[in-house]
């Protein structure tokens, strides 16, 4: 039983922020309602927050447009952030001056920020089913059988460095520089 979901996307490509920094803000809004996500982003003190807010507002406007222009009945108040991802964009190669006339190379990372909003179902549930929810109601979940753990014996202690049990002969003194004929 698959329910049809409507997803409204917006993306900002080639944003001059590293994807790792963008993901910090995107993780804050994932799964939240759109209004709550907008409030969260508005009070986040990260440089990427205005970019994320702009993309989120664009996704909300896409939902408004489809509900008005194409006659879809989309409840804008019932939208939540379904996915929020930041993918790697191309890297800009840059050069930093270094000592003794050399140059160090570094890369400025760009990111593609994509946010998708979707409608929640009745009762506050999302319309997307996970793999665990698709099983029939009559079937019980299968559990894996656990193997019995066998006790392993500890390895025997070695009495000396040799396998036959005899003690090793003491090491002889090595040759010194004077013994090699070098003047020193």
Could you list all residues from the stretch 100-133 that are outside any strand (DSSP E or B) and modelled with pLDDT of 95 or more?
100, 101, 102
I need the full set of residues from the stretch 1-37 which are at pLDDT below 95, in contact with a strand residue (DSSP E or B) (Cβ under 8 Å, 6 or more places away or on another chain) and in a loop (DSSP other than H, G, I, E, B), in order please.
5, 6
Which residue, of 59, 86, is surrounded by 14 or more Cβ atoms within 10 Å (Cβ to Cβ) and not in a strand (DSSP E or B)?
59
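The values are calculated or read from the model by the stated rules, or taken from the named source; none is laboratory data. The shown structure was predicted, so the numbers you read here are calculated from the model rather than taken from an experiment. All Cβ positions, even for glycine, are placed from backbone atoms using ideal geometry, and neighbour counts span all protein chains on display.
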